[in-house]
Amino acid sequence: MKPLRLAAAIAAALAALFAAAPTVHAQAVPTIGPAGSGPAPAEQIKRTPIALDNAGAATAERRDAELFYEVLLGEMNVGSGDPGAGFALLLDAARKTHDPELYKRAVEVALRAKSGDAALLAARAWKEDDPTSRDANRYVLQILVALNRVSETAEPLDRELALTEPRSRAATYAAIPPLYARVTDKRAALDLVEKALAGDLQKPAVPADGAAAWVTIGRMRLAAGDDAGTLDAARRAQAFDPKAEGPAILALELMGPKEPQAEPIVQRYLTSGKPLAELRLGYARALSDAQRNAEAAQQLQALTVEHPEFPEGWLLIGAQQVEDGQYDKADQSIQTYLDLLRAQIPEGGKPDEAQARGQAQAYLLMSQIAEKRGDLQAANGWLERIDSPQALIAVQTRKAALLARQGHMAEARRLIQQIPERAPSDARLKLMAEVQLLRDNNQHQQAYTLLAQGLTKTPEDADLRYDLAMSAEKLGRPDEMERLLRQIIEQKPDYYQAYNALGYSLADRGLRLPEARELIKKALEFAPEDPFITDSLGWVEFRAGNREEAARILERAFKSRPDPEIAAHLGEVLWSLGQQDRAKAVWKQGLQLNAQNDTLLQTLKRLRVKP
């Protein structure tokens, strides 16, 4: 038997021996202690060279047998609940045989016993035995990180990079941020990694390596809470390789009101070649979340042209078309998604978790389209096709809405109330579903009561307080609405929806217009491109008598997000400017989006314009 491959033979022998063998413990071998308890006893075991010359053949065979028994004994002690004794025996055998598999096994035994110091001892012994072993070095590096001994990882990290083949450097860099993800001192980890990657950060031999290095630094900075530094890293990465996905993905994670300069990085990538479908989809979602629907639609159209076989693009564009009231187009888009999805699922198989979620969303949208068309039977039929437990609340909510439309409000509310709560968040989802049901059916007092009860249970919930404020406004209680919104602003100064809602309410009532303008501008500082906040600014300018400026602002808002309420405001401003034909065209477009919008209908009634 070769002494360097004892572990494989042991594994085969254990199955036959272990069940019938009595429990065996090595004598005078202390157990593995917790981290910080000092070196394990195996550190004092002296390595004995194995004689393999002709004169010592018998001795070598005897030592092979002894080593076999030592490893077997070690494994049996591990299996019988004494990992300390097993670890010492396995490490001793590894040192005698120089067998990497035995070193690895000793490390694994220590890790399973949750003894980080012992695992580190074995990994370092392995590395010392074979300085060229990348596996040994990786174990040392990973264990040091797990022990939160960041400063000691510099040498093994440098060694890992030195052992990396040039063609694999980018992949090695990408593995660094996840490695350090759980360390407590993120800044120390960042500084250490920056030093290790200094060469490729400044003058890489291959531009792609420079991009990968800067993306790694960007991820480390993001983990350390340095958004500005992350943005800088993304820019530097893209400068090395404009077609690299990493900088754009990093920038996409930063996109938002606080880092508006991240968006040009994403846009530059999208125009540099044929971008990843997932990245363009992510950008479209970010635009949609920012209420920039027109721009999101452009990205989705580009996605379906570049990657017509990519199902998720058709689903998202279908969802946006439903929101915009384009039901025929939405129907076609969602049917395309379902056809592509079916082609991905093996015949006779079931969709995976992600596919099941997408399928459920598609069925929900098709149900909504059928409801808008007045076909309640078809709407319910689409809901019956959904069997995803994760979609239960959404499905029951839609069923409740259909019941309410048929005059069965009490039954609709019971349907929502009886939904089982599988997660802590489900109670709140059910509450908001019932509130929305009541609002959609103009039962604002009941919605207010329900929200007030919910806020009593969770007074720190700013979203709930905001919804209560909106319900108070619907009930004609502006003073209470203002009080609630000011509480939110005091509680969460970055809750920009509260600034906007309060500013718009003041403007709509023609009160304290300078204050209303300042509140809305404050909201725009957090969300500069939000079309609904832009609409509020246009409305306050109109109330202040600045009709030309109001028209300019509202035109921009309506172009960004065609919406019936924005249409109501823009149409009224145009009407006041004597542009009746344009006003009617805007109102007609708004009615096509939602013929039941209360703001639009009230505007037409007040101005005595027939819809």
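The values are calculated or read from the model by the stated rules, or taken from the named source; none is laboratory data. Quick caveat, the model's predicted, so the values are computed rather than measured. Don't worry about glycine lacking a Cβ; one is built from the backbone with ideal geometry, like all the others, and counts go over all protein chains shown. Please note that ligands, DNA and RNA were not included when accessible areas were found on the heavy atoms of the full protein model with its side chains. Shrake-Rupley method; radii C 1.70, N 1.55, O 1.52, S 1.80 Å.
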- Restricting things to alpha carbons, find the Rg to Rh ratio for segment 88-139 using the Kirkwood radius for Rh. 0.92
- Of the listed pairs LYS96/LYS127; LYS329/LYS559; LYS329/LYS372; LYS127/LYS186; LYS559/LYS584; LYS372/LYS399, which have alpha-carbon separations greater than 21 Å here? LYS127/LYS186
- Please report the relative contact order for the chain, taking Cα pairs under 8 Å with a sequence separation of at least 6, and give it as a percent rounded to a whole number. 6
- Cα centroids of segment 301-342 and segment 352-412: how far apart, whole angstrom? 19
- Query: Given a 1.4 Å probe and every protein chain left where it sits, what share in percent of the accessible area of segment 383-467 is carbon and sulfur?
  - Reply: 49
- Reachable lysines, given that their alpha-carbon falls under 23 Å from the alpha-carbon of LYS203 and they are not under 8 places away in the same chain: LYS195, LYS243
- Message: Which of the three applies to segment 525-611, rounded, prolate or oblate, going by the alpha-carbon gyration tensor with a ≥ b ≥ c and a/c under 1.5 meaning rounded?
- Response: oblate
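Please identify the trypsin sites (Lys or Arg not before Pro) of segment 100-204 that satisfy two criteria: DSSP loop assignment and at most 12 other Cβ atoms within 10 Å. Which are they?
Filter output for segment 100-204: LYS114, ARG182.
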- Item | Cα centroid separation - segment 219-251 against segment 427-474, whole Å | 41
- With r as the distance between the Cβ atoms of GLN344 and ASP494 and R0 = 51 Å, compute the FRET efficiency 1/(1 + (r/R0)^6) and round to 0.05. 0.80
- For segment 304-408, listing trypsin sites (Lys or Arg not before Pro) in a DSSP loop whose Cβ sees at most 16 other Cβ atoms within 10 Å gives ARG373, ARG385
- Message: Give me the Å³ per residue figure for the convex hull around the C-alpha atoms of segment 279-437.
- Response: 129
- Expressed as a percent, the accessible surface of segment 486-611 that is carbon or sulfur, using a 1.4 Å probe and the full set of protein chains, is 48
- Item | Convex hull volume per residue in cubic angstrom - Cα atoms of the chain | 232
- Message: Tell me the mean residue ellipticity at 222 nm calculated for the chain from its helices only (DSSP H runs of n ≥ 4, each -39500 (n - 2.57), averaged over every residue, nearest 500).
- Response: -22500 deg cm²/dmol
- At a 1.4 Å probe radius, carbon and sulfur cover how many percent of the accessible area of segment 134-184? 51
- Item | For the chain, accessible area per residue (1.4 Å probe, heavy atoms of protein chains only), Å² | 50
- Note on the structure: Output for segment 517-611: trypsin sites (Lys or Arg not before Pro) sitting in coil per DSSP, at most 12 other Cβ within 10 Å, listed by number, reads ARG608
